[in-house]
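Here is the structure we will look at, set down as structure tokens.
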């Protein structure tokens, strides 16, 4: 059956009202009303068996007029209006089932004079993602929050077909960087007809990239006098088919909020491309325009709610290195990884690890791990990575490390642990506990993380805090590891706790021995770009103590 095509021509009369003052005379030029406005459409996939389309909800529209400059489409489905210079546009109607929409096209002429045409469109949409509905609503209703304690909970990248289009290549926010917006709460509710969304608390943040377009101050939160995030919105789903979803390996689902709804961050859009969704993490991408794409992370666990106290107090000192003998570190406690790690344990870093005194030594009661800029064994930087593998490991307890961190763009110091079965089980099955990682390109940012088969690489199981003088003063970085939970602390203050509801091999490979690792990397996956002026810097460690 031939695709259904309807053409409706509506010629509207108009009235112009002029006002002015006698002292001013402006030359407006000739004002011409658009005429002969025509609107036609084709529902994608219409045939004898599918009179309302193939279920994609896609409709191709074509508008034409005389004496017009541009066309403005209004779709009657709660989504944002769209502008087309040539009158051609494709729109996806997402509400499931066969529905009728009154679509209007406005032809805009000189001086903003308008004429319009409206046509009813009957179209079938069948796309759904039941798993996403369950994740977002918990089967009934669930509240979500900004993942404020996670670095990169807000990010910015390009929105055009160049490398970097599928991730936040230009900017990522530090934990708690956007203080004014973290009171926002978002409620997704499962209904008989689908799902609704409502922002119940908080304000609206408008970034500088968009603020100038609407004439308000940028990179601040605004009240409802500028933009209103409140009210119940309907949620509709559609396949995500952007180049970012294809190249980035996203889920392939997007959702839209009706009536201009948005999740606190306002850039004039209501469409969210899902990168990843689980019971407690929602990662999305929002296209602001042809240049900008924003990346957001939300969580169903309010930051700080599960970080109140350790469940087991470990006070019996069972192992320590106080670094009280000058020279090389005690070889009864520490051995080394030598090389670049390109054979399996590296992360794209630029340094060559050595055991030379230039890179690791004990001086006046302090262990110094020094990263240096120098040509060595084919690498442009050197450093050291100490480990207690084969010498000391343990299950459950508390680790305290008093340290002062290096400085400089590209430095990546870490205090961490790996499962002692690393060589046989492999990573991440062995489990990894990152007691402390810092990023020289983001001074003061300190994070702790868990890597397991259920969450590794760009893990969702992490938290962070700010230590303003991390590179100029000593602080105690700790982990408290019990059979029930793993808590991360700085100066005895908890900033993140890992406590999965289900403990199995995928989520909890932490019921066996782990060994300690101390290192300073350069560049790599987390260290990022190395400052061209960098010469050398050290992580200084006063002691390492293990309590059980």
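Derivation of every value follows stated rules applied to the coordinates shown; laboratory data play no part. Being a predicted model, the structure only gives us computed values, none of them experimental. For neighbour counting, all protein chains shown are included, and Cβ atoms are generated from backbone atoms with ideal geometry for every residue, glycine included.
Can you give the extra length, in nm with one decimal, that the chain gains between residue 30 and residue 47 once fully stretched, where that is 0.36 nm per residue apart less the Cα-Cα distance?
Taking residue 30 through residue 47 to full extension adds about 1.4 nm, to one decimal.
What percentages, rounded to whole numbers, describe P(r) for the chain computed over all alpha carbon pairs with 10 Å bin width beginning at zero?
3, 15, 22, 21, 15, 11, 7, 4, 1, 0
Report the rotationally averaged projected area of segment 317-547 based on its alpha-carbon convex hull, in square nanometres.
11.5 nm²
For every helix of n ≥ 4 consecutive DSSP H residues, a contribution of -39,500 (n - 2.57) applies; sum these over the chain, divide by its total residues, and give [θ] at 222 nm rounded to the nearest 500 deg cm²/dmol. Don't jump to the answer; show the numbers that get you there.
Numbers: 5 runs with 29 residues, N = 548.
Theoretical 222 nm ellipticity from helices: -1000 deg cm²/dmol.
How high is the relative contact order of the chain? Use alpha-carbon pairs under 8 Å, at least six apart in sequence, and give a whole percent.
Relative contact order comes out at 11 percent.
Mean shadow of segment 130-299, computed from the convex hull of its alpha carbons, in nm²?
Numbers: hull surface 36.0 nm².
Result: a mean projected hull area of 9.0 nm².
Among 136, 405, 58, 418, which comes first, second and so on when ranked by fewest other beta-carbon atoms within 10 Å?
58, 418, 136, 405
Just to be sure I understand: of the beta bridges DSSP finds with both ends in the chain, what percent are antiparallel, rounded to 5?
95 percent
Output the antiparallel fraction of DSSP beta bridges having both residues in segment 130-299, as a percent to the nearest 5.
Rounded to the nearest five, the antiparallel share is 100 percent.
With no solvent and one equal point scatterer placed on each C-alpha of segment 458-548, evaluate the Debye formula and give log10 I(q)/I(0) for q = 0.24, 0.26 Å⁻¹, two decimals.
Those come out to -1.49, -1.52, one per q.
Could you give the C-alpha radius of gyration of segment 263-360 expressed as a fraction of 2.2 N^0.38 Å, taking N as the number of residues it contains?
1.88
Considering only C-alpha atoms, what is the centroid distance from segment 96-172 to segment 192-231, in Å?
Each part's Cα centre sits 15 Å from the other's.
What do you get for Rg/Rh over segment 125-219 if you use C-alpha atoms and the Kirkwood form of Rh?
Using only Cα positions, Rg/Rh for segment 125-219 is 1.04.
Which value in nm describes the separation of the simple spin-label points at residue 114 and residue 213, placed 7 Å from the Cα toward the beta carbon?
Between residue 114 and residue 213, the label points sit 1.9 nm apart.
Which three extents, in whole angstrom, do the alpha-carbon atoms of segment 49-154 cover along their principal axes, largest first?
Here the Cα extents, ordered largest to smallest, are 53, 44, 19 Å.
So if each residue of separation counts as 0.36 nm, and I subtract the Cα-Cα distance between residue 220 and residue 134, what length gain in nm does that give?
Here the answer is 27.6 nm.
Sort the following peptides by mean Cβ neighbour count (other Cβ atoms within 10 Å, averaged over residues), highest first: 498-509, 59-70, 381-392. List each step's numbers first, then the result.
Numbers: 498-509: 15.3, 59-70: 19.2, 381-392: 21.3.
In decreasing order of mean packing, 498-509, 59-70, 381-392 become 381-392, 59-70, 498-509.
Give me 243, 450, 433, 517 ranked fewest to most by other Cβ atoms within 10 Å of their Cβ, as a rough exposure proxy.
Taking fewest neighbouring Cβ atoms as first place, the list is 243, 517, 433, 450.
Can you give the extra length, in nm with one decimal, that the chain gains between residue 322 and residue 425 once fully stretched, where that is 0.36 nm per residue apart less the Cα-Cα distance?
Here the answer is 33.9 nm.
If I take all pairs of Cα atoms in segment 216-316, what percentage of them are more than 22 Å from each other?
43 percent
Using a 7 Å offset from the Cα along the Cα-to-Cβ direction at both residue 330 and residue 504, what is the distance between the two label points in nm, to one decimal?
For the pair residue 330/residue 504, the computed spacing is 4.2 nm.
How many nm separate the modelled label positions at residue 380 and residue 342, each set 7 Å beyond the Cα in the direction of the Cβ?
Placing both labels 7 Å beyond Cα along the Cβ direction yields 1.5 nm.
How large is the convex hull of the C-alpha atoms of segment 438-502 per residue, in Å³?
87 Å³
Two decimals is fine: what's Rg over Rh for segment 280-336, C-alpha atoms, Kirkwood radius as Rh?
For segment 280-336, the value is 1.33.
Over segment 300-414, what lengths in whole Å, largest first, do the semi-axes of the equivalent ellipsoid take, defined as the square roots of 5 times the eigenvalues of the alpha-carbon gyration tensor? Display every interim value, and only then the final one.
Details: eigenvalues 166, 88, 43 Å².
Each semi-axis is the square root of five times an eigenvalue, giving 29, 21, 15 Å.
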